[in-house]
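K.L.:
Mind looking over this structure? Questions follow.
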Amino acid sequence: MNLALVHSRARTGVRAPEVRVEVHLGGGLPTMSIVGLPEAAVREAKDRVRAAMQCAQFEFPQRRITVNLAPADLPKGGGRFDLPIALGILAASGQVPLEALGEYEFLGELGLTGELRMVDGVLPAALAAADAGRKLIVPAGNGAEAALASRVEAYTARTLLEVCAMLTTRKALPAATAPASVAVPGADLRDVRGQAHARRALEVAAAGGHHLLLIGPPGCGKSLLASRLPGLLPEASEEEALESAAIASISGRGLDPSAWRSRPFRAPHHTASAVALVGGGAEPRPGEISLAHNGVLFLDELPEWERRALEVLREPLESGVVTVSRAARSAEFPARFQLVAAMNPCPCGWAGDPSARCTCSPDVVRRYRGRVSGPLMDRIDLHVEVPRLPPVELRPDAPEGEPSADVRRRVLHARMLQQTRAGKPNAQLGQAETSATCRLSNTDHALLERAVEQLQLSARSMHRILRVARTVADLADSPHIRTPHLTEAIGYRRMDRAAIAQPA
Ligand SMILES: [Zn+2]
């Protein structure tokens, strides 16, 4: 037999399309050509495959070897096809049994001595292999990740030789096993003292899935508050956790299989590039906003971020997906994250502080706040001031805050009401759904219209206020939105246009 077919998987976005690795041995001068890989990748793959086969004492056929990776129009970078190519050559030259290959899919880069090296995107490949009804063989280092796809039959190997021994003797390789999921004890709200107003806003944000902006001087506890949000949210469903894990898997930053059930909390630094934040690159990879999918994205020092990077956030904040394109390729990544942003009130950080330490002129303050565009501000439902705490509240004997577990109980109840009413958190209600489920009395409607006019808010913000008011009512277990619920919701937009006027 001169022909062999091996199944493998490429990586495009969060999908793992099938790749057929066809190997043909022909007569003529001994050469090896690989069709379907970029030129530089071909050279490296040839070297690795040849060295690994020889190191494992296999014979590298002295014939005209043609390797075809089909279909032709998929991105096929990286060394993930080394193992299937080597197996194809070995099967075509009769060194491993051909008929054993069909029920498996293979992924793995080869080291020069034949050891199998980890590749990325194993979880999406495992899910797809299960759908195709095939077993999957991956490098030992990828086993935990493959096993997260509980419906796939996955095995691990450390070397090319181990894979060949299995195919020849049919003696099973070790099954891939998922590590015990470690419940990471999240940071607790108990550690946040004082700040009743900000704590309340955090609870409303958690209860309705609303985006939140914290404004306050350095050291007032903005990051502390933000990091408590994941611990208030409902547990991720298995489907949500798999989605998030699949993104981490293809990000090239690695997936921690033991923490895969926790909601992601991403806090990139403001010096991060636009590509690092929203995704991109020659082989498009997800950015921080996709790594935060189904979790929380914390952007500290909001005005310090590159304006271009922040503007790209507008699409995913509305739609929950981001499209990144580069040259001919584009990829869509999920990015339904909850945004918590934080900023100082002015460049020195002390505007509005009773100590009168702020030395910034009104003009400087305006320009600083104007670095964040109106349309982005518009999409953040809750704006809340986090003042510096008076020293008495920081004393060691000051009372602890309410623990996260108690707050979370109220959040879960409010979420349950929303799930029953509309099948989704309030923040994700569309315009028609908002009109249908967030009704106001005539008096309250007039109140809302006056507030929108006075605060110079957009029509978009009006719907957002209604959704927040609905969440406040849910936390109060009230079937109707009442005046105090609406006024609280309007209060969260007080800082908006008044202080942060900026042309769209
Ligand atoms: Zn200042």
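K.L.:
Would you mind putting 288-301, 405-418 in packing order, based on average other-beta-carbon counts within 10 Å, highest first?
P.N.:
288-301, 405-418
K.L.:
Rounded to whole Å, give me the distance from the Cα center of segment 3-52 to that of segment 55-127.
P.N.:
Segment 3-52 and segment 55-127 have Cα centres separated by 7 Å.
K.L.:
Compute the length gained on full extension between Arg367 and Leu112: take 0.36 nm times their separation in residues and subtract their Cα-Cα distance, giving the result in nm to one decimal.
P.N.:
Residue separation times 0.36 nm, minus the Cα-Cα distance, leaves 86.1 nm.
K.L.:
Take every Cα-Cα pair in the chain and report what % of them are more than 36 Å apart.
P.N.:
Percent of Cα pairs beyond 36 Å in the chain: 43.
K.L.:
Mind giving me the nanometre distance, one decimal, between the label points for Arg409 and Glu393, set 7 Å out from Cα along Cα→Cβ?
P.N.:
2.5 nm
K.L.:
Now for a separate question. For the chain, give me every cysteine whose Cβ has no other Cys Cβ within less than 4.7 Å, ordered by residue number.
P.N.:
So far as the 4.7 Å Cβ criterion goes, Cys55, Cys164, Cys220, Cys348, Cys358, Cys438 stand without a partner in the chain.
K.L.:
Determine the relative contact order of the chain: mean sequence separation of Cα pairs under 8 Å and six or more apart, normalised by residue count, in whole percent.
P.N.:
13 percent
K.L.:
To continue, here is another question. Nothing charged except the Cβ atoms of Lys and Arg (+1) and of Asp and Glu (-1): what's the magnitude of the dipole of segment 341-477 about its Cα centre? Round to the nearest 20 debye.
P.N.:
Dipole of segment 341-477, to the nearest 20 debye: 480 debye.
K.L.:
Expressed in nm to one decimal, what extension gain is obtained for the pair Gln431 and Ala476 from 0.36 nm per residue of sequence separation less their Cα-Cα distance?
P.N.:
Answer, rounded to one decimal: 13.9 nm.
K.L.:
Over segment 186-236, consider all pairs of different Cα atoms and compute the Kirkwood hydrodynamic radius from their mean reciprocal separation; express it in Å, one decimal.
P.N.:
11.3 Å
K.L.:
Assuming R0 = 30 Å, can you tell me the calculated FRET efficiency for the pair Asn442 and Glu318, based on Cβ-Cβ distance, to the nearest 0.05?
P.N.:
Given R0 = 30 Å and the Cβ-Cβ separation, E is 0.50.
K.L.:
Please express the Cα-Cα pair-distance distribution P(r) of segment 235-367 as a list of whole percents, one per 10 Å bin, running from 0 to the bin with the greatest distance.
P.N.:
Pairs per bin, as whole percents: 12, 38, 27, 14, 8, 0.
K.L.:
As a check on your grasp of the helix formula, calculate [θ] at 222 nm for the chain: sum -39500 (n - 2.57) over DSSP H runs of n ≥ 4, divide by the residue count, round to the nearest 500.
P.N.:
Computed ellipticity for the chain at 222 nm equals -11000 deg cm²/dmol.
K.L.:
Any chance you could check the Cα centroid distance between segment 202-270 and segment 427-470 for me, in angstrom?
P.N.:
So the two Cα centres are separated by 27 Å.
K.L.:
How many percent of the alpha carbon pairs in segment 3-169 exceed a separation of 29 Å?
P.N.:
When all Cα pairs of segment 3-169 are counted, 10 percent exceed 29 Å.
K.L.:
If you don't mind, there's one more thing I want to ask. Once you have the Cα-Cα distance between Gln419 and Ala196, take 0.36 nm times their residue separation minus that, and quote the gain in nm to one decimal.
P.N.:
77.5 nm
K.L.:
At 1.4 Å probe size, with no ligands or nucleic acids counted, give the accessible surface of Asp120 in Å², nearest ten.
P.N.:
Roughly 40 Å² of Asp120 is accessible to a 1.4 Å probe.
K.L.:
Let me ask something else about it. Evaluate the distance, in nm, between pseudo-label points positioned 7 Å from the Cα of Arg329 and of Gln54 along their respective Cα→Cβ axes.
P.N.:
Modelled inter-label distance: 3.1 nm.
K.L.:
For His270 and Gln95, what does the FRET efficiency come to when R0 = 60 Å and r is the distance between their Cβ atoms, rounded to the nearest 0.05?
P.N.:
With R0 = 60 Å, the Cβ-Cβ based efficiency is 0.60.
K.L.:
Would you calculate the separation in nanometres between label points at Ala459 and His24, each defined as 7 Å from the Cα along the Cα-to-beta-carbon direction?
P.N.:
Output for this residue pair reads 6.1 nm.
The values are calculated or read from the model by the stated rules, or taken from the named source; none is laboratory data. If you're wondering where the values come from, they're calculated on a predicted model, not measured in any experiment. In this analysis, Cβ positions are derived from the backbone assuming ideal geometry, glycine residues included, and neighbour counts consider all displayed protein chains. Note: areas computed on protein heavy atoms with side chains; ligands, DNA, RNA excluded. Shrake-Rupley method; radii C 1.70, N 1.55, O 1.52, S 1.80 Å.
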